[in-house]
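All remarks here apply to the structure that follows.
The values are calculated or read from the model by the stated rules, or taken from the named source; none is laboratory data. The structure presented is a predicted model; accordingly, all values stated were derived computationally and were not measured. Here the Cβ positions follow ideal geometry from the backbone for every residue, glycine too, while neighbour counts run over all protein chains shown. Areas reflect the complete protein model, heavy atoms only, side chains present, ligands, DNA and RNA absent. Shrake-Rupley method; radii C 1.70, N 1.55, O 1.52, S 1.80 Å.
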Amino acid sequence: MVDALERFAPLPLQEDYDNAGLQVGLTEAEVSGALLCLDVTDAILDEAIENGCNLIVSHHPLIFRKLARLTGEDYVQRVVMRAVSKGIAIVSMHTNMDAAKGGVNYKIAEKMGAEVYGTIGQQKQATNDRGEVVTGSDGVVARFKQPLAADDFLKMLKDVFRVECVMAGELLRRPISTVAICGGAGDFLLKDAVAAGADAFVTGEMHYHQFFGMEQAIQIAAIGHYQSEQFTKEVFKEIIGEACPGVRCVVSEIDTNPILYI
């Protein structure tokens with residue numbers, strides 16, 4: 001099953017700073033069930049145990065930086081220790097799944113009702129275990145069947161992604177037909193989105209100063225890191241369902257977003 005995920009999004013597609021792949025445990029064990037989530041926390045581990053899942057597939061890696069010790073002093077160490085004691089393996093598909101064709105950014109476009117027709121940013125490729133070349137990119141550009149007014153576009157984002165507050169630039173005074181997309185922290189692609197001729201740019205996070213000078217160049221919409229990537233669980237389920245139809249998948253019902261909007 002892990003092979004299926006890495007076949008879809010080979011680990012060499014990940015960024016140099018990332019730590020995707022096997023985090024905890026052994027992948028040779030027979031899978032009793034897979035819990036699909038965005039982040040791995042104590043509550044997620046409890047959910048896996050309650051559902052009889054001995055594998056957790058997450059988007060964000062539990063172990064992102066080197067662990068110098070295991071003393072249980074923070075949630076990462078606690079989860080690692082408990083997962084090992086319970087025989088639960090943890091696998092993360094992060095920036096490799098962001099980049100892969102059909103991955104995170106394609107799912108965001110699908111949820112918007114837009115069709116991907118191009119890519120932006122760094123172009124990537126890697127060969128999977130079948131010798132197939134898998135292509136990828138930092139972001140994508142998609143097209144709506146029917147153009148949207150800026151206020152309708154932002155309302156759609158709020159509704160579809162269950163966003164309490166969109167950080168948006170000045171409302172564009174022309175219809176939005178095309179949108180550049182990068183889930184998570186994608187503000188580094190803003191200039192690429194403008195250069196690609198996109199009417200709007202949707203990502204999870206933007207820095208304050210990047211909103212200046214873009215007033216009518218492009219409609220910026222930062223919808224939140226968690227919110228932009230929440231449907232990655234669906235990507236996991238689709239990949240596993242196609243490659244390993246006998247594996248029971250449980251989509252986590254826990255909202256692990258650490259940010260509150262008050």
Query - Cα-derived Rg to Rh of the chain, Kirkwood definition - result: 0.99
Query raised in the report: Against the longest alpha carbon principal axis of the chain, how many degrees, from 0 to 90 and to the nearest 10, is the axis of helix 232-243 turned?
Result: 60
**Report entry** Around residue 19: net Lys/Arg minus Asp/Glu count, Cβ-Cβ under 11 Å
**Finding:** -1
**Report entry** Among 27, 119, 203: highest mean-square fluctuation, GNM of the chain, C-alpha pairs under 10 Å
**Finding:** 27
Query raised in the report: Ignoring ligands, DNA and RNA, what percent of the accessible area of region 93-249 is carbon or sulfur (1.4 Å)?
Result: 52
Requested in this report: In Å³ and rounded to a whole number, note down the convex hull volume per residue for the Cα atoms of region 117-183.
Outcome: 131
Query raised in the report: Per residue, how many Å² of accessible area does region 39-140 show with a 1.4 Å probe?
Result: 45
Query raised in the report: Based solely on its DSSP helices, what 222 nm [θ] is calculated for the chain when runs of n ≥ 4 H residues each add -39,500 (n - 2.57) and the sum is averaged over all residues, nearest 500 deg cm²/dmol?
Result: -8000 deg cm²/dmol
Query raised in the report: Using the alpha carbon gyration tensor of region 137-262, what are the three equivalent-ellipsoid semi-axes (square root of 5 times each eigenvalue), largest first, in whole Å?
Result: 28, 17, 14
Query raised in the report: To the nearest 20 debye, what charge dipole does the chain have about its Cα centre, counting +1 at the Cβ of each Lys and Arg and -1 at the Cβ of each Asp and Glu?
Result: 240
Query raised in the report: How big is the gap, in Å, between the Cα center of region 1-27 and the Cα center of region 84-144?
Result: 12
Report task. Can you list which of the GluC sites (Glu not before Pro) found in region 73-141 are DSSP loop residues with at most 14 other C-beta atoms within 10 Å? Result -> 73, 132
Query raised in the report: Where in region 177-262 are there chymotrypsin sites (Phe, Trp or Tyr not before Pro) that are in a DSSP coil and have at most 14 other Cβ atoms within 10 angstrom of their Cβ?
Result: 212, 261
Query raised in the report: Size of the dipole of region 60-206 about the Cα centre, Lys and Arg at +1 and Asp and Glu at -1 on the beta carbon, nothing else charged, in debye to 20?
Result: 440
Query raised in the report: With Cβ to Cβ distances under 12 Å as the rule, what net charge do the other residues near residue 158 carry (K, R +1; D, E -1)?
Result: -2
Requested in this report: With the Cα gyration tensor of region 102-146 in hand, convert its eigenvalues to equivalent ellipsoid semi-axes via √(5λ) and list them largest first in whole Å.
Outcome: 23, 11, 8
